[in-house]
Amino acid sequence: MNLFKLISDLEQADPEFLDRINPRRQAFKYLGHAGKKVTAAAVPAILASFFNRAYGQTVTDPVQKVLTLALQLEYLEFHFYNTALNTSGLIPSSETNGITTIRNDEAGHISALRGVLGTNAPSYLVSDFDYSGGGGSGVGPMASALVPNGAGNANGALFFAAGQAFSDVGQRAYKGGAPTLNTTGTKDILEAALNIHSVEARHNSHFRTVRRAIAANAIGTATAAAVSPYDNAPKSWINLIDNGGPTAPNNSKPASAVYGAGNPAGTYPADSNTSQAGIPLVSGTYSAEAVSEAFDEPLDPGTVQTIALNFTSAAGKLKGLFQQTF
Amino acid sequence: MSHNVSPGSQPHETGLDRPLYTPIKRRSFFMYAGATAGATALVLAGCKDDDNNDPSRIDVGSGDGGILNYAYALEQLEAAFYAQVRTSAYYTASGTPAAIKQVFDDLALHEAIHRDFLRGALTANSITPLQDLKPDFSSIDFASLNGILTAARTFEDTGVAAYNGAGRYLSNNAFLALAGKIVSVEARHAALIRDMITYNSFVSSDVVNTFSPTLPANATTAYTGAGTPSLTPGNGNPVAGAERSRKPQDVLNSVNNYLASGSKLSASSFS
């Protein structure tokens, strides 16, 4: 392979090629340094990285970053539900169909997002995640969520609690990313993301319905009563901040940031927000609880990544999972 | 019959029914009358036929204001529906479970809050809100839980598909963000209503493009999106595992079945 001839040919076909792989036109110098240290076998990999830098808009395209974060979140959810479905005795029989459907939806979202991202789409294994919530330690507060009848996990209670938290992070993240996708050239991508976003919200509603039923010892039914303050027996919508969300076996609130404010809080308020577009909505007719339930709030990508890194293993961190710069 | 949860939210009309304290001289009266006639002619000249060429339909308008008024119309309808549910034979029967009544109470509040918020947002942005719409719920069976849930499912699923399809027409990202805050709550409603009708139907194939993944044989092989059907997003193509958004006029063609004559809508700018 004549590398220098190939680059020369590319430059003739595309005069800006060298500018785009290296704005200071030091590509050959860079290559020269690299060439001293690599074997011939590594050359195709170097070429691939050059082409990605030149045509992938890897670091400059905000749309791509939003979609990549969305894809990473879909992998987080997909592997969690897929692992649960493959763990005998974890999911009660009345819930198997629902969780299978949710897993398949997430696989569809992965398929769709990869279709948009193309060759730049990363992929992740189940070993890239730490579902204990320990950020790679494997012994975080949610460690028994995938253990049948583990601590706090009778009837899969902790599994459904984690599913609620993951899908709420998902719906808040898509909501936060939507404005970035709203450009003239990406309206179809925006609409696709909106059509995924509402499915995440439907999943979340179902997780909450299941948790209400587990709390009432009525699993497999949809009309068990929600119980204030809604952390253990939630409504199908978010009441204020749901008292910090589900409680872990060690009595911590590992999902509290899921319902809290993002950054800046003015744009990404906590779910207890009662004012929209500068209009305060609490009145003699409408309580703060009702107003907070009527609106879900977006979350910024930085806060989403901070939350998700708690569920990322050392292997995932090495791959850059949930570590984009926004 | 229009039901509003919050009568206090209705526009104030004080001033219109007050007597005129200053008598108008006859010549002045004709001066005003002439000016009004001229203004009316100007207004009529400014009207143009919409694509439906149906003068009985109210058009939601164009641009971001048109989409906001479209959302306002849908929320008016949903709020009126749940208000009527709360006075229905089913809801008021002595044996109706408290947990089910609580669901309808919440839904009625959420939709009324959406309606009143959108009206406030329209006014705050100097966009004239659509008139108060008169619903026609004569096709709905309010006496049975199934009748109510079936209609609720239609309204909620339609609402989600409507917001998802409207987002692309918004140029102001503040409005897009607001639509996003509302649509996920509508999706929560839809999922619960569906689970109440048939358990585990919260994302059935009539609202979501179901997808069957072809999973890798082992945990060391990455899943990269294989499965059926193979769908390519873009150009309005369906998206795997995602809902099916609908265009405003398509939505209104369905919604008009629940609006009385004189309140039926069109969205001629968003085709």
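The values are calculated or read from the model by the stated rules, or taken from the named source; none is laboratory data. As the structure is a prediction and not an experimental result, all values here were calculated from the model. Neighbour counts are summed over all protein chains in view; Cβ atoms, including those assigned to glycine, are modelled from backbone coordinates with ideal geometry. We work out accessible area using only protein heavy atoms, side chains counted, and drop any ligands, DNA or RNA first. Shrake-Rupley method; radii C 1.70, N 1.55, O 1.52, S 1.80 Å.
Spin-label pair B:Thr232-B:Ser126: with each label point 7 Å from Cα along the Cα-Cβ axis, the two points sit 4.6 nm from one another. In this structure the amide hydrogen of A:Val227, modeled in the peptide plane, comes within under 5 Å of the amide hydrogens of A:Ala233, none closer than 5 places in sequence on its chain. For the pair B:Phe142 and A:Ser127, label points projected 7 Å from Cα toward Cβ lie 6.2 nm apart.
Annotation: for a label point projected 7 angstrom from Cα along Cα→Cβ of B:Ala93, residues of region A:215-257 with backbone N closer than 19 Å are A:222-224.
Per the accessible-area calculation with a 1.4 Å probe, the total area buried between chain A and chain B rounds to 5800 Å². In percent, rounded to a whole number, the relative contact order of region A:174-308 is 19, using alpha-carbon pairs under 8 Å and six or more apart. From most to least packed by mean Cβ count within 10 Å, the peptides B:251-263, A:235-247 give A:235-247, B:251-263.
Relative contact order, whole percent, for region A:258-306 stands at 40, derived from Cα pairs under 8 Å and 6 or more residues apart. Which of the pairs A:Lys65/B:Lys247; B:Lys181/B:Lys264; A:Lys65/B:Lys181; B:Lys101/B:Lys134; A:Lys175/A:Lys319; A:Lys65/A:Lys319 have their Cα atoms more than 18 Å apart in this structure? Over 18 Å Cα-Cα: A:Lys65/B:Lys247; B:Lys181/B:Lys264; A:Lys65/B:Lys181; B:Lys101/B:Lys134; A:Lys175/A:Lys319. Distance from the alpha carbon centroid of region A:98-166 to that of region A:301-322 works out to 13 angstrom. Normalised by the number of residues in region A:62-318, the average gap of Cα pairs under 8 Å and 6 or more apart makes the relative contact order 21 percent. For peptide B:200-206, the mean count of partner chain Cβ atoms within 10 Å of a residue's Cβ comes to 6. Of the accessible area of region A:195-250, computed with a 1.4 Å probe over protein heavy atoms only, carbon and sulfur atoms account for 50 percent. Neighbours of A:Gly170 by Cβ distance under 10 Å: Lys/Arg scored +1, Asp/Glu scored -1, total -3. Extending 7 Å from the Cα toward the beta-carbon at both A:Ala315 and B:Thr224 defines two label points whose distance is 1.8 nm. Taking every protein chain into account, the accessible area of region A:62-318 amounts to 31 square angstrom per residue (probe 1.4 Å).
Near B:Asn146: Cβ cut-off under 15 Å, other residues only, Lys/Arg at +1 and Asp/Glu at -1. The net charge is 0. Under a 5 Å amide H cut-off, with hydrogens placed 1.01 Å from N, B:Asp59 pairs with B:Ser266 among residues at least 5 apart or on other chains.
Under a 5 Å amide H cut-off, with hydrogens placed 1.01 Å from N, A:Gln276 pairs with A:Leu281 among residues at least 5 apart or on other chains.
Applied to region A:118-127, the Karplus parametrisation 6.51 cos²θ - 1.76 cosθ + 1.60 on θ = phi - 60° returns per-residue 3J(HN,Hα) values of x, 5, 7, 6, x, 10, 9, 8, 4, 6 Hz, with x for Gly and Pro.
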